[in-house]
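The values are calculated or read from the model by the stated rules, or taken from the named source; none is laboratory data. Because the structure is predicted, anything quoted here is derived from the model rather than measured. Please note: Cβ atoms are built from the backbone with ideal geometry, for glycine as well, and neighbour counts cover all protein chains shown. Remember, those area values only see protein heavy atoms, side chains included, never the ligands or the DNA or RNA. Shrake-Rupley method; radii C 1.70, N 1.55, O 1.52, S 1.80 Å.
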Amino acid sequence: MSRLEAKKPPLFTSKPLTRDAVSQSLSLLSGVLKSSYGPAGRLKQLHNGVGGCVCATSQSSALLGHLSVSQPVLRVLTASVRNHVSRFSDCGLFTAILCCGFIENFRSLNVAPFTVIQISKHLLSLCMDHLKSEACGCRVSVDFSSLETLVCLVRSILTSKPACMLNKTEVDHLTSLVLKAFVFTVPCHVETNAVLGKCVVIPVKGRRVVDSAVLPGLLIEVPEIQLGKPLPVKRTGSNVIKIALFSVSMSGDGSNPEEGTIVVHHGVSLEVSELNQLLSMGQQLVKDEVGLVLCQKVMHPSLKQYLKENGVVAVDRAGLSLMEPLRRVTGSQPIASIHSLSPGCYGSLKDLCIESFASKHFLHLIPEDTVICSLILCNRSETAWDELKRVCETAEHVLQLTVKEPLALLGGGCTETHLASYIRHKSSSLPASTFKDLGCSQTQYQLVADGFCRSLETVARSLSHDGEEVLTDMVYGHCWLVPSGSPCASKWSDLVSKCSCGVNDNTEDLSWSFLEGQSSTPILQGCPKEPSVKVADLRTLDCFAAKCSGLQVALETANLILDLSYIIEDQN
């Protein structure tokens with residue numbers, strides 16, 4: 001059959017980074033991300049223009065997930081950042097802002113892209129080696145025998161998203177809940193291959209944040225449960241509740257295509273046959289002393305009534321998302337067919353009770369020993385609750401990453417300015433053999449290093465949203481914010497009391513200088529000193545694993561984009 005429309009040739013775009021449209025789009029995206037960064041970041045309202053839900057957020061996963069990006073270059077950037085966030089949950093805005101900074105600073109250099117890439121990779125290796133060394137001045141060890149560092153880490157995440165609309169009391173309450181939930185997910189008995197558990201978030205919207213609570217085990221919403229009546233549940237001889245968990249439909253409608261073709265003889269009612277099969281299975285469950293039957297899908301009303309009459313609690317429509325937590329809480333193996341029941345597929349519970357919260361009723365599954373817990377999360381509005389849920393899940397993931405690598409980085413822009421100071425010092429004292437190995441001149445290396453440092457400092461400057469002056473000190477290389485409208489003073493120490501991360505104060509002469517856009521920050525006379533970190537002084541911390549990955553992803557993505565010579569788009 002002939003085509004109704006002639007096939008269009010592909011569209012070739014050479015040197016995409018030199019095009020005005022790409023530059024403008026990159027600048028616009030960079031501005032949106034920078035203005036969203038940090039505790040004082042501005043919210044963005046996202047909607048599709050034709051109805052549907054409206055999202056108010058400053059979080060990278062929500063921003064990049066809702067933005068419609070048409071420029072191929074920006075698609076590469078946003079896809080890289082989203083992939084990073086899917087793996088680490090944190091430092092998405094940091095990664096995106098830094099990547100935009102690298103592209104903007106490197107492309108303006110009169111240095112060949114290949115040379116820029118080689119030099120920037122060497123600079124990245126210097127950063128990573130420094131961050132992983134004991135002498136790093138922006139690295140903090142996380143001691144799990146003390147809560148102080150963990151509290152600071154979780155609080156830093158909760159306060160970084162203003163759309164959650166939390167006050168100090170609410171932040172403190174949620175910090176303790178997140179840490180308590182995390183402790184519940186750590187196995188009591190450490191094995192060779194220990195696996196952390198999961199915290200299941202239960203939504204309760206329209207209530208105060210301080211009404212939030214965490215419970216061990218699992219909560220399942222059951223609207224039909226009647227309060228005030230005792231819960232009749234059958235127990236085995238050993239006083240435990242035996243559990244059967246079904247992943248197959250128990251509705252009796254015969255619509256299970258995975259079980260093959262059904263041949264129905266004349267005069268036989270398929271519905272009656274299915275119901276008899278379900279009731280026969282119910283008899284087997286009662287005979288096996290099962291006390292609780294959970295079904296992912298729908299259960300036939302007659303089967304539910306039969307089980308209830310025999311002291312078995314039956315709950316259906318549990319949903320796919322709860323199947324894995326249910327399996328881990330009860331030790332059950334999901335049953336995929338109603339035609340065969342194996343004694344080995346049953347699980348058990350220590351107890352089962354009814355919990356009431358707001359206007360909702362839940363079955364509380366209480367196991368003997370569990371790594372699953374339920375966080376009843378409250379907030380006043382749906383938008384604030386959505387943002388808070390994402391933030392709490394991020395905090396849980398960051399704690400899990402910190403267990404694997406018990407380190408954190410100083411927050412508030414101090415790690416970025418410290419790294420920039422370190423790279424400026426290090427790059428000024430490299431041997432000539434380094435430039436020969438990289439195939440570049442010392443001048444080219446210094447140009448790329450300066451662009452690298454300015455990109456890091458761009459992230460720190462992005463924390464200023466209300467006209468604050470951003471400074472860095474010449475001893476530790478930390479970030480300092482001077483409030484806007486501050487009176488003129490002869491010394492900066494009269495205007496700043498502590499650096500952004502809270503480790504350093506103004507008691508010693510630190511000789512501050514501005515972090516001013518394209519102008520070069522003075523080079524420290526020596527390597528940035530390592531401050532004596534007191535946990536009690538810490539204001540904000542960042543996830544070590546997430547920030548290290550973000551630094552690498554930002555540079556690798558920027559180098560990929562800088563190396564693009566053509567974009568070929570199919571127009572059909």
Compute the separation of the alpha-carbon centres of region 432-486 and region 96-116 and state it in Å as a whole number.
14
Pairs over 19 Å Cα to Cα, from 161/198; 198/389; 44/389; 34/491, come to 161/198; 34/491
Calculated FRET efficiency, residue 309 and residue 194, Cβ-Cβ r, R0 51 Å, to nearest 0.05?
0.75
Here the percent of antiparallel bridges among DSSP beta bridges lying wholly in the chain, to the nearest 5, is 70
From the protein chains alone at 1.4 Å, what is the descending order of accessible area for 566, 445, largest first?
566, 445
Measure off 7 Å from each Cα along the Cα-to-Cβ vector at residue 345 and residue 32, then give the distance between these two points in nanometres to one decimal.
4.8
Give the calculated FRET efficiency between residue 143 and residue 560 to the nearest 0.05, with a Förster radius of 45 Å applied to their Cβ-Cβ distance.
0.70
For residue 552 and residue 186, extending 7 Å from Cα along the Cα-Cβ vector and measuring point to point gives, in nm, a value of 2.6
Probe 1.4 Å, all protein chains in place: accessible area of residue 23 in Å², nearest 10?
30
Cα-Cα over 18 Å, subset of 132/404; 234/360; 426/547; 180/242; 132/498
234/360; 426/547; 180/242; 132/498
Among (1) 26.4; (2) 33.9; (3) 36.7, which one is mean projected area of the Cα convex hull in nm² computed from these coordinates?
(3)
What do you reckon, how do 471, 407 stack up by accessible area (1.4 Å probe), largest on top?
407, 471
Note to self: C-alpha centroids of region 361-402 and region 118-141 sit apart, in Å, by 34
Accessible-area value, residue 541, 1.4 Å probe, nucleic acids and ligands omitted, Å²:
0
Separation in nanometres of the label points that stand 7 Å from Cα toward Cβ, at residue 511 and residue 441:
3.0
Between residue 368 and residue 135, what FRET efficiency follows from the Cβ-Cβ distance if R0 is 41 Å, with the result rounded to 0.05?
0.30
Using a 1.4 Å probe and counting only protein heavy atoms, arrange 132, 180, 498 so the residue with the most accessible area comes first.
132, 180, 498
Please work out the Cα center distance from region 301-335 to region 492-511, rounded to the nearest Å.
60
How many percent of the accessible area of the chain is carbon or sulfur, using a 1.4 Å probe?
52
